[in-house]
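Visitor: Let me begin by handing over the structure; questions about it come next.
The values are calculated or read from the model by the stated rules, or taken from the named source; none is laboratory data. The model shown is predicted, which means the values in this text are computed figures rather than measured ones. Methodologically, a virtual Cβ is constructed for each residue, glycine included, from the backbone with ideal geometry; neighbour enumeration extends over all protein chains shown. Protein only, heavy atoms only, side chains kept; ligands, DNA and RNA dropped before computing areas. Shrake-Rupley method; radii C 1.70, N 1.55, O 1.52, S 1.80 Å.
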Amino acid sequence: MPEMPGSTRSTVPASASLTPRGARLQVIYQGLPEDYKAFGPKTVTARVQVGACSVEDSREVKLFYPRDAMNNPEGKYRNWFYYWRQTPAALPMGQNVRLEFGGTAFDLCAGEHVMAIYKPDHLYKAIHICDFTAKLDRQFALTVPRVSRGDRSTLETYQLFTFTHIDTFAVIVLHEFAHFNHHHTWWSGKSDEQRAREDVDGDGVPDRLEHEMGFVVPKFQTFWGDHEDFRNINGDEEFLAYETAYDYPVGKFDEYDWGKPGKNWMDD
C-alpha cells in the first residue's frame, strides 16, 4: 500500500508490518499530508505465495482529499486553497506571487461578483483569493467574458467562457496577476496627481500607451462599454485583466486537482 508522508497508515485487521497480510484488508490514513503530490494515482500490489508458487497483481487507485474541508495540516483555510497554492496553477505566467486566503477582514470579498482582489495600497502587495466554497456552486463554475483585442469576433459578438474547479482558481490568479503587473509597471511610486495627469480618462491605462494597445482616449471603456453585463467592469485596464483568460487552455492543471469534488472525481 502507498505511504502518504504526513499521514498515519493503519489496517483492519491491525498489523505493524509494511506488507500486512489477510484475505481482506481495510486501509485507513489518518491526517492529511502536507504535499499535494501525495494524492492522485497510486499503485496497490498484492502477492500470494503457496509453497514454491507465487502470483502478484497490481491495481491503480486514486487518492483524494475533501475539497471544502479545513483539515489540512495548517487548518486555517480550505483544503483546495492549501493544496492548489502548492501547484503550478498558483504560478501565473510561471511567476511566484503571494496568495492569501479570503478578504473578509477588509470587507472586499463580500461583493457578489468579487472572487479575488489585488489592492496594492492596503493588502500587503498580495492577491487575496475569496472563499470559492462560500461564493460558487459545487463545480466552482465561473463564467467570464471571452475578449481579445486580437480577435475581432470577441469585440463584435459578446461571448462567454465557463471554467470549473482548479481552472477557476488558475484563471482568477492570472486575472489578478495582470492587475499586479500593471500597477508595478505603470503606477508604483506615483502620486495621485501624477496618475491623474498620465491617465486623463481614468481607465487605469496610461494615455500615452492606449493608441498602440488598441484603446481610445478619452473613452473610459473602449470595448463593450454599452453592454448591460460588461459596462461596469472598471475601465480598459480591467479589460486587459479579462483578456488573460482568452488563451487559457481548459484542463491545463487537471493533473493537480485531487479534491472531492474536482476535475478527477467522478460523482456517482
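Visitor: Filtering region 230-246 down to residues that are in contact (Cβ under 8 Å) with a residue 12 or more places away in the chain and assigned to a loop (DSSP other than H, G, I, E, B), which residue is nearest to residue 152 (Cα to Cα)?
Guide: Looking at the filtered set, the residue picked out is 246.
Visitor: Something else now. Against the definition (crowded, with 20+ Cβ neighbours inside 10 Å, farther than 30 Å from residue 80 by Cα and not aliphatic (A, V, I, L, M)), how does residue 215 come out, yes or no?
Guide: Yes: the conditions hold for residue 215.
Visitor: Checking the structure you have, find out if any residue of region 89-99 is assigned to a strand (DSSP E or B) and either farther than 30 Å from residue 22 by Cβ or open to solvent by 90 Å² or more (accessible area, probe 1.4 Å) (or both).
Guide: Yes, because at least one residue in region 89-99 is assigned to a strand (DSSP E or B) and either farther than 30 Å from residue 22 by Cβ or open to solvent by 90 Å² or more (accessible area, probe 1.4 Å) (or both).
Visitor: What number of residues within region 153-182 are free of Cβ contacts under 8 Å to residues at least 12 places away in the same chain and part of a helix (DSSP H, G or I)?
Guide: Of the residues in that region, 3 qualify.
Visitor: Please indicate, with yes or no, whether at least one residue in region 61-79 is among the β-branched types (Val, Ile, Thr) and assigned to a loop (DSSP other than H, G, I, E, B).
Guide: No, region 61-79 has no match at all.
Visitor: For region 20-40, does any single residue satisfy the condition of being more than 27 Å from the chain's Cα centre (by Cα) and polar (S, T, N, Q)?
Guide: yes
Okay, residues lined up against (1) touching a helix residue (DSSP H, G or I) at 6+ places or on another chain (Cβ under 7 Å); (2) open to solvent by 40 Å² or more (accessible area, probe 1.4 Å):
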position: 119; (1), (2): no, yes
position: 127; (1), (2): yes, no
position: 137; (1), (2): no, yes
position: 146; (1), (2): yes, yes
position: 166; (1), (2): yes, no
position: 175; (1), (2): yes, no
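Every residue, every condition in (1) open to solvent by 50 Å² or more (accessible area, probe 1.4 Å); (2) at pLDDT 95 or above; (3) out of contact with any Pro (no Cβ under 6 Å at 6 or more places or on another chain); (4) closer than 28 Å to residue 39 by Cβ, yes or no:
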| position | (1), (2), (3), (4) |
| --- | --- |
| 202 | no, yes, yes, no |
| 226 | yes, no, yes, no |
| 243 | no, yes, yes, no |
| 266 | yes, no, yes, yes |
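Visitor: So which residues in region 42-60 are open to solvent by less than 90 Å² (accessible area, probe 1.4 Å), free of Cβ contacts under 8 Å to residues at least 24 places away in the same chain and in contact with a strand residue (DSSP E or B) (Cβ under 6 Å, 6 or more places away or on another chain), if there are any at all?
Guide: Listed by number, the residues that qualify are 45, 46, 48, 57, 58.
Visitor: Follow-up question, since we're still on this one. Checking the conditions here, which among 190, 252 is within 24 Å of the chain's Cα centre (by Cα), in a loop (DSSP other than H, G, I, E, B) and surrounded by fewer than 19 Cβ atoms within 10 Å (Cβ to Cβ)?
Guide: 252
Visitor: May I ask you to say which residue of 196, 170 is out of contact with any Asp or Glu (no Cβ under 6 Å at 6 or more places or on another chain), small (Gly, Ala, Ser) and under 24 Å from residue 115 (Cα atoms)?
Guide: After applying the criteria, what remains is 170.
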